[in-house]
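What follows is one structure encoded as structure tokens, with my remarks underneath.
The values are calculated or read from the model by the stated rules, or taken from the named source; none is laboratory data. Here the structure is a predicted model, which is why all the values come from computation and not from measurement. With ideal geometry, Cβ positions are generated from the backbone for all residues, glycine too; neighbour counts draw on all protein chains shown. These accessible areas exclude ligands, DNA and RNA; they are computed on the full protein's heavy atoms, side chains included. Shrake-Rupley method; radii C 1.70, N 1.55, O 1.52, S 1.80 Å.
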Amino acid sequence: MMASSYSAKEEDGHHSGSAGLGGAAIRTRKPDNTAFKQQRLPAWQPILTAGTVLPAFFIIGLIFIPIGIGLYVTSNNIKEFEIDYTGTDMSSPCFNCSQSFSWNSTTPCRCVLFFSLDQPFESNVFMYYGLSNFYQNHRRYVKSRDDSQLNGDERSLKEPSKECEPYRTNENKPIAPCGAIANSMFNDTLDLFYIDPNGTKTQIPLMKKGIAWWTDKHVKFRNPGGSNPNLTAVFIETAKPVNWRKPVYELDTDPENNGFINEDFIVWMRTAALPTFRKLYRIIQKKNNMAPTLPRGNYSLEVTYNYPVRSFEGRKRMILSAISWMGGKNPFLGIAYITVGSICFFLGVVLLFIHHKYGNRNNSSDIPN
Amino acid sequence: FFLFIYVVFLYFISSEERHLRANDREFNLSFKYANNAIKTSKYNVFTFLPLNLFEQFQRLANAYFVFLLILQLIPQISSLSWFTTVVPLLLVLSMTLAKDLSDDITRHKNDKQVNNRKVELLINGELKSEKWMNVQVGDIVKLENNEFVTADLLLLSSSEPLNLIYIETAELDGTLIKYTISILYISGEVRCEPPNNRLDKFTGTLTVGGETFSLDNERILLRGCTLRNSDWCFGLVVFGGPDTKLMQNSGKSIFKRTSIDHLMNFLVMFIFGFLAFMCTILSIGNGIWEYQEGNSFISFLPRADGANASLSAFLTFWSYVIILNTVVPISLYVSVEILRLGNSYFIDWDRKMYHVKSDTPAQARTTTLNEELGQIKYIFSDKTGTLTQNIMTFNRCSINGKSYGKSSKKKVDFSWNSLADPKFCFHDHKLVEVVKSGSPEVQAFFRLLALCHTVMPEEKTEGELFYQAQSPDEGALVTAARNFGFVFRSRTPETISLVEMGVPTTYELLAVLDFNNVRKRMSVIVRNPEGKLTLYCKGADTIIFERLHPLSSKLMEVTTEHLNEYAGEGLRTLALAYKDLDEDKFEEWKKRHHEASTSLEDREAKLDAIYEEIEKDLLLLGASAVEDKLQDGVPQTIEQLAKADIKIWVLTGDKQETAENIGYSCNMLREEMKEIFIVASNTAEEVREELVKKMSPESGDEPPIEKSRFLGKKSQVVEDEKVDGEYGLVINGHSLAFALQKDMQLELLRTACMCQTVICCRVTPLQKAQVVELVKKHKKAVTLAIGDGANDVSMIKTAHIGVGISGQEGMQAVLSSDFSFAQFRYLQRLLLVHGRWSYLRMCKFLRYFFYKNFTFTFVHFWYGFFCGFSAQTVYDEWFITLYNLVYTALPVIGLSLFDQDVNDRWSFQYPQLYAPGQLNQYFSKMAFARILLHSCYSSLILFFVPWAAMCDTVRDDGKDIADYQSFALLAQTCLLIAVSVQLGLDTYYWTAVNQFFLWGSLSVYFAVTFTMYSNGMYLIFTSSFPFIGTARNSLNQPNMWLTIFLTTILCILPVVAKRFLFIQLKPAINDKVRHKVRQAKAVPLPPPRKFPQRRISTRRSGYAFSHARGYGDLVTSGRFLRIPVKTRPALFPHTDTPVADSTPQTYRTIFEEAQSP
């Protein structure tokens, strides 16, 4: 496209230098002598030599293996307890609940699972619910929400985004919160009881605040109506999500944890990246320094079974986990680091061997002219 | 009815013929001829936007993105927000828009400047200054010295004697002489041809007062020329503005594309196929998923009404087309153009390709071909003006058996001669002393040189002589005579005035016995002031020696020895002789000469016979030797290029002997060559026999041909064959004509390619192009043609890359070239440094660019298996938008602008570094396949490592981190760091700019990410930035950083290991050189090797007469009779030199030979 075609300037071009007969100072067309224009910019020119590559391999190996061991040990030391309460088995206490399910049933189905912890949980314990085969990352699912509405925008409250379809309006009233994500919010209730060796059941206090990201709780999610404490009045013109049993303003009695800023709701709304995921449900805080948070012994998990997963072969789990500096239990990183470190080291040895056997010969050989 | 006839008549006239009256505006305006305003700009204020956008959307890439945009606007399909496409598209469109705008503004400015130039018009007998654009057809224009020619003019009169004027044709040709009609003021009518683009032709008639003259091209001054050495002239505007031949010729030229372009087109097609393949797999997956899982998941994720698995699969296909479109990134084309432009600027800026003498920097006229400069396999070079300077210096002479000019250090002082040319150098004092002492032979020698020629003198001020010689060696001889005291001062058709040793003398010129190829000599017959008649003759030695008087036989022997010596030094020699004539005999001869020259049939032969009659019994005076100076550094350049395995073919219009001679002097032909084949046969059979038999007689079978069929295009590729020993091939134009015929061209190619050196002499411009085309077509090799003259234009346009030498010979070669510079020796820098770098950079750029985009895209593919094939993206939409445009754009451009494996000096030290380009080693389909695999590996790492690391993991405070947004952030950060480190691995040459771009881009990534994920952005644009807080909440986790570190190491580990292994086991040439550079850091580079002095060849060079019209006989043989050849009057040599004869070399000949029509 830059091929030459006539340009009027060329009529001049030829003479600009030679026909300087006018006597004006003759400007040469000599290019500037700058490092940039002459492509002589000072530069660092690293090359892959045995002196740099081989030590690098060994050093990486030497760094990775200890890190990996550290990670692996840390991960292994994290105590974790997991129990599946889906109730697909006939033997499961929740079998009945899982079979007889309807979104609109008014009587909650309850089931109780017993389990025992072999080892005490010393520090704070985090209680999760886990779902599998639940495609919270499906594109149609992920986009089915209205962030403006959740951020307390009055207009979006009355006129939710089209993305929320088909959970946008119900009976000509806008749904709040709208969309498929909100509509499918996890609504099982999990209660944990410690069973003394003498048989008394003590409910373990579960903290339901502080489970969501600070930014979500304070910036991303806000109730409409500003500081109006009367949420019922704020949400008066809206309908509850189809699958919900109670409207959004009745999620909790605590005004700091009600409406859109209910932390259970916020946690659910932070969609998972993968179809198998766990979400923080409650925190069991360490009471005093003497006793472990969850001592060794028997426990019962009382489930109010509201959430159907049988249709899509999903599973529901309850997880109790401690936490370390690297988060929850996941041996992958440790193993990966150890493996990569070993491979590096091994490669280093192989390359060193090859370098000794062939390298010198090739590098010293001259270049044919 | 009559009116109707009249209208038809008018129409007929305006379409078929131009009719105009001088100085009659009213009459001329009635025809609505274009006035002299020109318009090269494309747009105006109103048409710019719509027209430019329309043009841009015709480009496939842009249209493709509009298609994507439309897809994105369909809610069921849209998997990405519209801005991911709109932002890059707008950026690309606006960049192109800005570039086109600035180009067009420049054109407007130039137009305005040109249109507003002032010129003097002669209106009603008065001179009036007028702007160019207001000049109308039929106006009479007065031009002054050094002014541009305003429009196509019919010359009326000039200030110069003989009514000649001199013009320089900037764009078209060399310096020319034109004739005027010498009528100062006319009111005539002109009828002529309609506007056309034929530069060499003009037909028309001029009617003045009932008398009709015919007009031809010699009387037309074309726009684009400049008046030189003439005080003024008057001209009648015939064509104005857009109708001028110059503007008619400025059509669109052929758009050249590089082999990388072709490969890229192929790859883009492949990528489209690959994209469709991936999308198909994913949409099938989606169908299966919807059928198996989606049906049961409906309670949580209801479908739209009427949607089922197959519809969903269909929609998903398009959704994935949107997501995966980044494999065909729009920014690729933009970036490629940017870096080609950048590399072109580096060529323009190179001081080492700047010629001080002519103040000419190198120029990349086409900015889209740079990388092909690194792949040249064949160079086709013109000789005159390209290899040689086209400057002749009078070096030696032999007078009366004594040889002069053996070089001594001191220059001869010519200050005793007030008319001497100060630029002339001679190194032998003896000759001056002999001249001064009045030796009759020496004086006769120089008198001959001063009389026997066709040079035009020019004396503007007293004592300041200029010679307008049509060929430089004739000028050299006349200048030599001038300095030795025989000053040629002026001529009229009947006389020649000399100043002989300070004494003005006038000779009567009685006849000029012109030169032609057969005669190989030229004579003049003059009468000196004393009334003595003398014939002076100069010509090729063999010819002259045959016609010598027996008295000279002894002198002849001595002179022959001298001639051999001169020839050994590569000089062009001429023998000089004279003869005194009787008055009676001459009168009688003259009568017969007149008869012969007026005879209508067989005039040439008759004239030759007449000439032959009088040019006999000559007395030898001696011989002159003129050096055809090679350009500086030509043998060295050729040697360097040969080392880089580039084959150089010389295609010249010169004679075989001259061409061979130059071949020796620039080291292309060498004594130690096993054999040098000379093919000079006159029939097809002989040529075939010579071609087949000469080379490898044992394998006289068919040349090995690899036939391939690709997309219905049949192509034959002649493979290279190995031969032991070096051979050279010299073939002349006659034989070439046969050898280029369809059935023999492969034989020719095979033989020629086995030879180290190929010289084709006496070839026509068309044949030059045919030879280039032959190699281009059947060798699948990249070709470069270099030349300086108009006769090289065809091959410059044909070859993949055309290089013009911007020399003294006008600009036509430069104007049709892709690159231009002043000296042949810059070619090695253009190829070995700039070309090699450009190729390296372009390939690195493409490899890296494809790598980063494939890696980016394939992660989506893997994610598809975990999100129900729902076309959910892995990354944040903003990251997708900015990845190519911001985060990775500058580092890769930095890489492809500044990278160099070794610097220029080392590139010269090891020309072998050039070989990978010729073999397409850095970027090919194979390389592309490797990139694909590499990206596949990287994307697997980049998806599955974060996947495994995030699976069921939480933050160190127990909160969520395996959520989609954190995962997206992790994946994109891993990706960006991994590709940045890969870029670092690819970079050989880390300048501050590279560092700045790389670190800057990474910082910008984090800065932009934190900004977009900030509270403020979310509160202002809630729906556009839903990732609020993600960066803060997850990038403070050690887990994240450990994952990023791990993926990066895993991505580059195999690359480093593989590269190291290759360096150890099978190092490439540039690995070796880079290693050497490293070693040599302490020890400075050895000084550039001294090239051996030019070998003194013992071969007898051809006693070349001058630049002969090399292919004249070919043209007359009718085989290539494309251009009508004109006859010209025999006696006066300056009558015809077309402005832009497309049989160019004309202006190079000393002696215009008469030609048969």
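Testing A:Ser311 on (1) at pLDDT below 90; (2) in contact with a Leu (Cβ under 6 Å, 6 or more places away or on another chain), one condition comes back false. Which one is that?
With (1) at pLDDT below 90; (2) in contact with a Leu (Cβ under 6 Å, 6 or more places away or on another chain) applied to A:Ser311, the lone miss is (2).
Let me spell it out: the conditions are (1) open to solvent by 40 Å² or more (accessible area, probe 1.4 Å); (2) away from chain A (no Cβ under 13 Å), and B:Val328 meets all of them except one. Which number is the exception?
Result: B:Val328 fails condition (1) only.
Right, A:Asn298: more than 12 Å from every other protein chain (Cβ to nearest Cβ), more than 30 Å from B:Arg1059 (Cα to Cα), at pLDDT 90 or above and within 24 Å of the chain's Cα centre (by Cα) or not?
Judged against the criteria, A:Asn298 is not a match.
Can you tell me which of (1) in contact (Cβ under 8 Å) with a residue 40 or more places away in the chain; (2) facing chain A (nearest Cβ under 8 Å); (3) farther than 30 Å from A:Gln149 by Cβ is the one B:Ala1057 doesn't meet?
(1)
Could you list all residues from region A:311-334 that are within 9 Å of chain B (Cβ to nearest Cβ) and part of a helix (DSSP H, G or I)?
The answer is A:Ser311, A:Phe312, A:Phe332, A:Leu333.
Quick one: B:Asp100 ticks every box in (1) touching a residue at least 40 places away in the same chain (Cβ under 8 Å); (2) over 39 Å from the mean Cα position of the chain (by Cα) bar one, so which box is it?
(2)
Regarding region B:858-870, can at least one residue be identified that is more than 30 Å from B:Asn295 (Cβ to Cβ), within 14 Å of chain A (Cβ to nearest Cβ) and surrounded by fewer than 24 Cβ atoms within 10 Å (Cβ to Cβ)?
No: region B:858-870 contains no residue that is more than 30 Å from B:Asn295 (Cβ to Cβ), within 14 Å of chain A (Cβ to nearest Cβ) and surrounded by fewer than 24 Cβ atoms within 10 Å (Cβ to Cβ).
Which ones in region B:87-118 are closer than 18 Å to B:Leu332 by Cβ and in contact with a helix residue (DSSP H, G or I) (Cβ under 8 Å, 6 or more places away or on another chain)?
B:Val87, B:Pro88, B:Leu89, B:Leu91, B:Val92, B:Leu93, B:Met95, B:Thr96, listed by residue number.
Which one of these is part of a loop (DSSP other than H, G, I, E, B) and open to solvent by 40 Å² or more (accessible area, probe 1.4 Å): A:Asn223, A:Asn243, A:Asn198?
A:Asn198
In this structure, is A:Met207 within 12 Å of chain B (Cβ to nearest Cβ) and farther than 15 Å from A:Phe260 by Cα?
So A:Met207 fits the description; yes.
If B:Leu236 satisfies all but one of (1) among the aliphatic types (A, V, I, L, M); (2) assigned to a helix (DSSP H, G or I); (3) in the same structural domain as B:Thr207 (by the TED database), what's the number of the condition it fails?
That leaves (2) as the condition not met.
In the set B:Phe239, B:Phe255, which member is touching a helix residue (DSSP H, G or I) at 6+ places or on another chain (Cβ under 9 Å), among the aromatic types (Phe, Trp, Tyr) and farther than 22 Å from A:Ala180 by Cβ?
Unique residue meeting the criteria: B:Phe239.
For region A:226-240, how many residues are part of a loop (DSSP other than H, G, I, E, B) and surrounded by fewer than 21 Cβ atoms within 10 Å (Cβ to Cβ)?
Summing the residues that are part of a loop (DSSP other than H, G, I, E, B) and surrounded by fewer than 21 Cβ atoms within 10 Å (Cβ to Cβ) in region A:226-240 gives 8.
Grab the strands (runs of 3 or more DSSP E) fully contained in region B:404-504, keeping just those with 2 or more residues being of a type in the set (Ser, Thr, Tyr).
It comes to B:495-500.
Report yes if some residue within region B:905-920 is in contact (Cβ under 8 Å) with a residue 60 or more places away in the chain and closer than 30 Å to B:Leu942 by Cα; otherwise report no.
Taking every residue of region B:905-920 in turn, none turns out to be in contact (Cβ under 8 Å) with a residue 60 or more places away in the chain and closer than 30 Å to B:Leu942 by Cα.
Which condition from (1) in contact with a helix residue (DSSP H, G or I) (Cβ under 8 Å, 6 or more places away or on another chain); (2) assigned to a helix (DSSP H, G or I); (3) open to solvent by 30 Å² or more (accessible area, probe 1.4 Å); (4) not acidic (Asp, Glu) is the one that B:Leu563 breaks?
That leaves (3) as the condition not met.
In this structure, does A:Pro292 turn out to be part of a loop (DSSP other than H, G, I, E, B) and open to solvent by less than 10 Å² (accessible area, probe 1.4 Å)?
No, not satisfied.
Output the residues belonging to region B:38-69 that are in a loop (DSSP other than H, G, I, E, B) and open to solvent by less than 30 Å² (accessible area, probe 1.4 Å).
B:Ile38, B:Thr40, B:Ser41, B:Tyr43
A quick yes/no check of all residues on (1) modelled with pLDDT under 85; (2) small (Gly, Ala, Ser):
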{"position": "B:Lys256", "(1), (2)": "yes, no"}
{"position": "B:Ile260", "(1), (2)": "no, no"}
{"position": "B:Phe266", "(1), (2)": "no, no"}
{"position": "B:Met269", "(1), (2)": "no, no"}
{"position": "B:Phe274", "(1), (2)": "no, no"}
{"position": "B:Gly287", "(1), (2)": "no, yes"}
{"position": "B:Gly306", "(1), (2)": "yes, yes"}
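A:Gly341: at pLDDT 90 or above, more than 7 Å from chain B (Cβ to nearest Cβ) and touching a Ser or Thr at 6+ places or on another chain (Cβ under 9 Å), yes or no?
No.
For B:Thr367, indicate whether it is assigned to a loop (DSSP other than H, G, I, E, B), β-branched (Val, Ile, Thr), at pLDDT below 90 and open to solvent by 10 Å² or more (accessible area, probe 1.4 Å).
yes
Select from region A:257-285 the residues that are within 18 Å of the chain's Cα centre (by Cα), more than 11 Å from chain B (Cβ to nearest Cβ) and open to solvent by 10 Å² or more (accessible area, probe 1.4 Å) and list them in ascending order.
Result: A:Asp264, single match.
Residues to consider are B:Asp382, B:Asp428, B:Asp421; find the one that is open to solvent by less than 60 Å² (accessible area, probe 1.4 Å), at negative phi and touching an Asp or Glu at 6+ places or on another chain (Cβ under 6 Å).
Residue meeting the stated conditions: B:Asp382.
Tally time: how many residues in region A:295-308 are surrounded by 15 or more Cβ atoms within 10 Å (Cβ to Cβ), part of a loop (DSSP other than H, G, I, E, B) and not hydroxyl-bearing (Ser, Thr, Tyr)?
The qualifying residues number 2.
Assuming B:Asp960 fulfils every condition listed in (1) farther than 21 Å from B:Tyr883 by Cβ; (2) touching a Ser or Thr at 6+ places or on another chain (Cβ under 9 Å); (3) away from every other protein chain (no Cβ under 11 Å); (4) not aliphatic (A, V, I, L, M) apart from one, which condition is it?
Result: B:Asp960 passes all but (3).
Can you pull out the residues in region B:929-944 that are aliphatic (A, V, I, L, M) and either more than 14 Å from chain A (Cβ to nearest Cβ) or open to solvent by 10 Å² or more (accessible area, probe 1.4 Å) (or both)?
Scanning region B:929-944 gives B:Ala929, B:Ile931, B:Leu932, B:Leu933, B:Leu940, B:Ile941.
So that you can scan it fast, the table gives a plain yes or no per residue for (1) assigned by the TED database to the domain that holds B:Ala605; (2) surrounded by fewer than 21 Cβ atoms within 10 Å (Cβ to Cβ); (3) over 28 Å from B:Asp231 (Cα atoms):
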position: B:Gly463; (1), (2), (3): yes, yes, no
position: B:Val478; (1), (2), (3): yes, no, no
position: B:Glu494; (1), (2), (3): yes, yes, no
position: B:Gly502; (1), (2), (3): yes, yes, yes
position: B:Val524; (1), (2), (3): yes, no, yes
position: B:Arg527; (1), (2), (3): yes, yes, yes
position: B:Glu530; (1), (2), (3): yes, yes, yes
position: B:Lys538; (1), (2), (3): yes, no, yes
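Go through (1) without any contact (Cβ under 8 Å) to a residue 24 or more places away in the chain; (2) open to solvent by less than 40 Å² (accessible area, probe 1.4 Å); (3) within 30 Å of B:Val874 (Cα to Cα) for A:Ile354 and report which single condition fails.
Condition (3) is where A:Ile354 drops out.
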